[in-house]
Amino acid sequence: MNNSTLLWIGVAVLIGFVGCNKYNGMVDKDQTVKTKWGEVQNQYQRRADLIGNLVDVVKANSTFEKGTLEAVVQARAAATQMKVDASNLTPEQIQEFNKNQNGLSQAMGRLMVVTENYPELKAGQSFRDLSAEIAGTENRCAVARGDFNKSVQVYNTTIKKFPSNLFAGVFGFREQPNVSAPQAAQEAPKLGTGKF
């Protein structure tokens with residue numbers, strides 16, 4: 001073998017080694033994104049389960065405004081019906097998922113404002129416990145969304161950097177969307193007004 005053949009073999013082995021290394025790194029980051037998305041969905045499902053219990057407690061303990069409860073039940077149904085496949089995330093799916101989850105958050109906000117008119121309901125241990133659980137779950141949802149967005153940032157940065165971008169294109173790795181806050185979230189809710 002001559003020197004140029006050895007050089008080309010060496011270059012091919014080096015490219016193969018770098019390619020395998022980059023591919024495995026992108027797979028790891030892609031799997032992290034999928035795992036983090038699963039946790040977002042897990043926390044939203046936990047919230048939906050708790051809200052069902054809260055609605056039952058409210059129904060059992062008051063002559064509550066029927067329209068508010070129906071809005072919560074409908075928003076919960078919309079939020080739990082949509083499933084987004086982590087292996088095929090698109091900005092449109094994330095946006096629709098967010099829209100449904102935000103609708104549930106707004107309905108829950110209205111429910112909590114209206115309960116101000118029912119002191120015996122607020123004083124009930126079941127209502128207080130479930131309200132605290134839901135507040136904790138909202139925090140978990142926020143953390144899960146933040147963790148997901150961080151993993152998306154790491155993944156997207158990896159597939160855009162050279163030479164990973166060359167291998168990302170060859171192996172079909174594509175940019176993943178973030179979870180973003182709705183435009184309405186830019187304004188703080190006005191508690192006690194019923195406007196969310």
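The values are calculated or read from the model by the stated rules, or taken from the named source; none is laboratory data. Everything numeric here is computed off the predicted structure, so don't read it as measured data. Counting neighbours? That spans all protein chains shown, and the Cβs are built from the backbone with ideal geometry, glycine included.
From 126, 131, grab the single residue that is modelled with pLDDT under 80, in a helix (DSSP H, G or I), out of contact with any Lys or Arg (no Cβ under 9 Å at 6 or more places or on another chain) and of a type in the set (Ser, Thr, Tyr). Show your work before the answer.
Values: 131 fails: out of contact with any Lys or Arg (no Cβ under 9 Å at 6 or more places or on another chain).
126 is the lone residue from the list that is modelled with pLDDT under 80, in a helix (DSSP H, G or I), out of contact with any Lys or Arg (no Cβ under 9 Å at 6 or more places or on another chain) and of a type in the set (Ser, Thr, Tyr).
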Considering only region 28-59, how many residues are of a type in the set (Ser, Thr, Tyr) and either buried (at least 16 other Cβ atoms within 10 Å of the Cβ) or outside any helix (DSSP H, G or I) (or both)? 2
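Kindly indicate whether residue 96 is within 18 Å of the chain's Cα centre (by Cα), assigned to a helix (DSSP H, G or I), at pLDDT 80 or above and loosely packed, with under 13 Cβ neighbours inside 10 Å. Before the answer, list the steps.
Details: within 18 Å of the chain's Cα centre (by Cα): yes; assigned to a helix (DSSP H, G or I): yes; at pLDDT 80 or above: yes; loosely packed, with under 13 Cβ neighbours inside 10 Å: no.
The answer is no for residue 96.
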Would you call residue 25 within 20 Å of the chain's Cα centre (by Cα), more than 23 Å from residue 111 (Cβ to Cβ), assigned to a helix (DSSP H, G or I) and modelled with pLDDT of 80 or more? no
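When you check residue 189 against the structure, is it over 19 Å from residue 95 (Cβ atoms) and either among the hydrophobic types (A, V, I, L, M, F, W, C) or at pLDDT 55 or above (or both), yes or no? Let's see the steps before the verdict.
Working: over 19 Å from residue 95 (Cβ atoms): yes; either among the hydrophobic types (A, V, I, L, M, F, W, C) or at pLDDT 55 or above (or both): no.
No; evaluated as a whole, the condition is false for this residue.
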Among the residues of region 138-169, the number that are hydroxyl-bearing (Ser, Thr, Tyr) and buried (at least 19 other Cβ atoms within 10 Å of the Cβ) is 3
For region 28-60, how many residues are at pLDDT 80 or above and of a type in the set (Gly, Ala, Ser)? 2
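Output the residues belonging to region 22-48 that are over 17 Å from residue 88 (Cβ atoms), touching a residue at least 60 places away in the same chain (Cβ under 8 Å) and not charged (D, E, K, R).
Kept after step one, since they are over 17 Å from residue 88 (Cβ atoms), are these residues of region 22-48: 22-25, 28, 39, 42-48.
Among the residues that remain, those that are also touching a residue at least 60 places away in the same chain (Cβ under 8 Å) are: 22-23, 25, 39, 42-44, 46-47.
Listed by number, the residues that qualify are 23, 25, 42, 43, 44.
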Among (1) assigned to a helix (DSSP H, G or I); (2) at pLDDT below 80, there is one condition residue 63 misses while meeting the rest; what is its number? (1)
